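Any read-out appearing in this document is the output of simple, stated calculations on the displayed coordinates, not a laboratory observation. This is a predicted model, so every value here is computed, not measured. FYI the Cβ positions are ideal-geometry reconstructions off the backbone, even for glycines, and counts take in every protein chain you see.
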Amino acid sequence: MGVVEEAHNVKVIGSGNKGTVVLGHGFGTDQSVWRHLVPHLVDEYRIVLYDNMGAGTTNPEYFDFDRYSTLEGFAFDLIAILEELNIESCIFVGHSLSAMVGVLASLHRPELFSKIVMVSASPRFVNDDDYEGGFDQEDIKQLFEAMQSNYKAWCLGFAPLVVGGDLDSAAVQEFSRTLFNMRPDIALSMAQTIFSSDMRQILPFVSVPCHIVQSSKDLAVPVSVAEYLHTNLGSESVVEVMSTEGHLPQLSSPATVTPVLLRHIRNDIAV
Amino acid sequence: MASSTITTTTLSDLPDVILSNICALVADTRARNSLSLVSRKFLALERSTRSHLTLRGNARDLHLLPGCFRSISHLDLSFLSPWGHSLLSSLPIDHQNLLALRLRLCFPSVSSLAVYARSPTSLELLLPQWPRIRHVKLVRWHQRASHIPLGGDFVSIFEHCGGSLESLDLSAFYHWTEDLPPVLLRYADVAARLTRLNLLTASFNEGYKSSEIVDITRACPNLTDFRVACTFDPRYFEFVGDETLSAVSTNCPKLTLLHMVDTAAALTSPRAVPGNDAGDSAVTVGTLVEFFSALPCLEELVLDVGRNVKQSGVALEALNSKCKKLRALKLGQFHGVCSATEWRLDGVALCGGLQSLSIKNSVDLSDMGLVAIGRGCCKLSKFEIQGCENVTVKGVRTMVTLLRKTLTDVRISCCKNLDATASLKAVEPIYDRIKKLHIDCVWSSLEEEGGVEETSHDDDEYERSQKRCKYSSDEALNGFCSEDRVWEKLEYLSLWISVGEFLTPLPMTGLHDCPNLEEIRIKIEGDCRGKRKPSEPELGLSCLALYPKLSKMQLDCGDTIGYALTAPPLQMDLSLWERFFLTGIGNLSLSELDYWPPQDRDVNQRSLSLPGAGLLQECLTLRKLFIHGTAHEHFMNFLLRIPNLRDVQLREDYYPAPENDMSTEMRVGSCSRFEDQLNSRNIID
């Protein structure tokens with residue numbers, strides 16, 4: 001097994017020949033977040049699963065704080081995986097942050113992606129004048145205080161005890177739940193990366209077709225974000241808002257989400 | 001006067017033969033370890049007399065096996081790391097054979113083997129090494145792979161150890177019931193020599209079918225110890241009824257130990273109390289009498305039937321006269337166990353030789369019945385009562401008083417009228433003798449006085465029997481158990497508590513002073529989903545710091561169900577609950593902890609969360625920690641901060657154990673890295 005494969009716990013399964021589907025999970029979770037979707041794809045496609053650096057299932061020593069201070073670090077990881085597996089073209093399904101990582105990767109290497117399915121994606125989480133990202137500065141401040149308190153405790157050998165449920169804002173609670181699954185220093189770094197990232201400027205340069213899928217009630221991703229993406233993406237795109245709740249619909253409502261994702265994977269955007 | 005030198009005689013002056021016999025009798029591992037440090041001679045003696053060994057360590061380090069334990073007869077390989085993986089299968093084939101050979105060279109006399117057999121290959125490698133094995137225990141919590149042919153797991157055992165095999169334990173081995181009977185048929189001569197067969201497998205939903213039980217007992221007529229999980233529900237296909245029982249007793253007349261346990265009653269919902277309208281089983285009294293008559297050697301009997309067995313009193317009286325050696329009895333859902341309508345003893349109260357009695361879900365058992373049992377079963381040292389709605393503190397307390405000389409182990413659970421206060425009140429008469437106790441932590445409001453109001457008619461009956469018995473009872477049946485009681489002999493305490501409740505009232509109910517309490521088991525159960533945040537931030541584990549000798553704990557939140565990552569807005573997820581449960585655990589000086597994290601059933605995840613790991617790392621006196629679930633590597637690394645921690649393992653010993661990475665099972669690499677770090681530290685003692 002190559003170094004990249006092993007570090008990212010890459011798994012290639014499925015005997016299908018309709019193409020290759022690469023599944024990218026969001027921060028704080030790992031490839032098991034796709035457990036309900038995989039059985040439905042296994043017969044038709046070759047599926048590649050991997051864990052991002054910093055996920056609980058990877059060796060924490062491999063997390064390079066400089067590399068991952070921006071999303072590009074993750075995009076390069078994705079490209080490295082595709083190259084090591086000699087994948088010429090794939091359908092990339094990315095959840096939350098991974099969706100943006102896929103978009104970034106496609107800017108560098110557009111020929112590697114035939115389409116990107118974006119689940120619960122957002123180019124920027126913090127509100128701006130004219131832009132509703134979903135989070136206020138106040139909310140984020142409280143989250144950072146929590147992460148910093150955990151980080152300090154961890155460094156000093158005490159128990160980091162703050163979790164998402166302690167925060168006031170329901171949106172932050174929901175979104176950050178998975179952040180508290182990561183090691184405190186990595187979680188703090190990721191939080192900084194997430195809330196400082198702003199992908200709005202690069203959207204017009206995307207050339208790969210994008211399928212935008214999200215919950216109708218996701219506190220972290222208002223429906224207006226899906227609209228924004230659709231309007232500003234340079235490539236052709238389509239939006240589907242599912243009648244699900246929460247930021248991890250593929251885990252909380254698999255019965256609704258799986259058919260939607262299958263449809264978007266199998267079918268292209270009608271011109 | 002010549003001075004005489006004073007010589008002292010020490011243990012080492014005893015002849016070697018005697019010393020070696022003494023050494024052989026020492027069972028406790030830590031004692032043996034200490035023994036081996038005394039001198040080279042004692043070291044040699046200890047090594048040559050140690051008979052039981054559980055191997056811990058990483059399977060890939062098997063070449064480092066010590067060769068000094070030549071007398072091991074009982075070898076347990078099921079705990080090797082990485083836990084739950086096929087032994088040796090990750091190595092190239094020629095290495096596998098060499099390591100199996102090495103195992104044989106180091107342990108030439110193995111007669112009893114326990115091994116985690118994820119697939120038959122481990123057995124095919126190991127069993128040929130010891131053809132004289134008498135006892136095999138297989139462990140598998142992972143699902144049985146469907147490509148294994150029927151019986152494939154067992155063929156190696158019967159093939160290689162057929163000459164001397166006597167006992168097979170499948171109680172922790174997930175298999176299909178169809179796997180076993182054909183193998184027993186094929187190796188009929190081996191089956192005929194079997195004396196022990198344990199088929200009480202925790203993972204079964206329905207258990208063994210009636211015809212399978214008949215076939216098995218017919219193939220193994222020499223069984224003395226037979227335990228099987230089955231279903232007594234007549235609505236199910238192949239339920240156990242009269243015919244099955246007759247067949248069992250006819251086929252295996254030499255049985256001394258028999259457990260027949262209904263899977264629904266005991267394994268899937270052990271605390272469910274069937275109401276008055278629960279269905280009947282297909283077991284009749286007449287058959288029971290014949291059944292008992294045909295098993296005169298019975299010493300221990302468990303019939304945990306999940307449906308009603310009516311009017312069983314007569315059968316139990318027959319039990320007493322036919323099975324004179326019976327010492328332990330457990331009955332589930334038997335009615336008429338002891339009706340105590342007249343002065344004379346009836347039903348189970350006539351079984352005077354019993355030392356252990358467990359009555360579960362007998363809806364008609366009354367206080368009078370308990371008193372009769374107390375009078376009749378006068379040698380009882382262990383008594384358990386579960387799900388009996390009609391008994392009250394008066395009945396139990398009177399019974400306990402009657403059995404004061406012998407009773408040391410009492411368990412009270414799921415009885416409507418016996419909450420924590422009442423249960424303690426009930427066992428108060430033996431406060432200075434009781435060694436093991438289970439109560440449910442159901443707290444009544446503090447204004448209530450203990451006990452339940454009874455009708456005056458019952459009171460008269462009760463008074464009369466009191467006078468007749470001529471014993472003295474405590475007058476104060478109202479109020480709480482006195483806080484002055486010193487529970488001097490109490491060593492083991494087991495508690496059940498519903499999720500959301502607190503542990504803090506426990507000392508105030510009377511268990512304030514337990515100077516010798518060493519081990520505690522706490523089971524927290526319930527559905528967290530939709531529950532509001534508890535009014536206090538912690539369950540109250542710190543209140544256990546009262547008990548000075550407390551060193552071992554089993555904290556079982558495994559049946560607490562909630563959301564791991566997908567909690568709806570503003571609902572508590574499992575990380576908050578885990579923090580609630582574990583806060584304060586660092587205040588106890590525990591040396592050994594078994595912990596079952598709460599689970600998210602939708603994704604079959606039982607995983608340690610951030611606050612969980614953080615709170616566990618505060619138990620600075622821990623030496624052994626077993627987490628029955630999964631955990632991320634970086635959370636495990638928190639535990640490296642505990643200075644003397646030396647034995648840690650993630651054991652997914654619940655059904656079904658997560659099969660692969662789709663369930664965030666801790667990966668083999670992570671496991672090995674963690675253990676390497678753990679083992680590379682200097683341990684002071």
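Computed quantities for the displayed model
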quantity	calculated
Pairwise centroid distance, computed over Cα atoms, of the stretch B:509-563 with the stretch B:409-446, Å	16 Å
Under the Debye formula (equal points on every Cα, no solvent term), log10 I(q)/I(0) of the stretch A:1-150 at q = 0.15, 0.18 Å⁻¹	-0.81, -1.11
Antiparallel bridges, percent of DSSP beta bridges restricted to the protein assembly as shown (to nearest 5)	5 percent
Loop-located trypsin sites (Lys or Arg not before Pro) in the stretch B:495-548 whose Cβ has at most 12 other Cβ within 10 Å (DSSP)	B:532
Rel. contact order, % - alpha carbon contacts under 8 angstrom, at least six apart, chain B	6 percent
Chain A - share of DSSP beta bridges that are antiparallel (%, nearest 5)	15 percent
Subset of B:254/B:489; B:254/B:523; B:330/B:394 violating a 27 Å alpha-carbon distance limit	B:254/B:489; B:254/B:523
P(r) histogram, all alpha-carbon pairs of chain B included - 20 Å bins from 0, percent	16, 46, 34, 4, 0
Cα-based convex hull volume of the stretch A:130-271 per residue, rounded to whole Å³	124 Å³
Stokes-Einstein translational diffusion, the protein assembly as shown - Kirkwood Rh over all Cα pairs, 1.567 mPa s, 4 °C, in µm²/s	41 µm²/s
Cα-centre dipole for the protein assembly as shown with unit charges at Cβ (Lys and Arg positive, Asp and Glu negative), debye to 20	3960 debye
Relative packing of A:7-17, B:392-402, A:204-214, which averages over residues the other C-beta atoms within 10 Å, highest first	B:392-402, A:204-214, A:7-17
Within chain A, helix-based [θ] at 222 nm, where runs of 4 or more DSSP H residues each add -39,500 (n - 2.57), nearest 500	-11000 deg cm²/dmol
Rounded Å value of the spacing that divides the Cα centres of the stretch B:342-407 and the stretch B:247-294	20 Å
Helix-derived mean residue ellipticity, 222 nm - over chain B, DSSP H n ≥ 4, -39500 (n - 2.57), to 500	-8000 deg cm²/dmol
Hull shadow area, averaged, the stretch B:76-135 [alpha-carbon convex hull, nm²]	3.8 nm²
Computed FRET value (nearest 0.05) for residue A:267 with residue B:589, which takes r as the C-beta separation and R₀ as 60 Å	0.45
For chain A, built as a Gaussian network whose Cα springs stay under 10 Å, the top-fluctuating residue of A:51, A:128, A:77	A:128
For the stretch A:130-146, Karplus couplings with θ = phi - 60° (6.51, -1.76, 1.60), whole Hz, Gly/Pro x	6, 10, 9, x, x, 10, 8, 4, 4, 4, 5, 4, 5, 4, 5, 4, 4
Shape of the stretch B:18-124, Cα gyration tensor, a/c cut at 1.5	prolate
Within the stretch A:77-176, GluC sites (Glu not before Pro) in DSSP loop having at most 10 other beta-carbon neighbours inside 10 Å	A:88
Dimensionless Rg ratio for the stretch A:3-265, taking C-alpha atoms and the 2.2 N^0.38 Å reference	0.95
Least to most buried among A:93, A:4 (fewest other Cβ within 10 Å first)	A:4, A:93
Ranked B:578, B:178, criterion: other C-beta atoms within 10 Å, fewest first	B:178, B:578
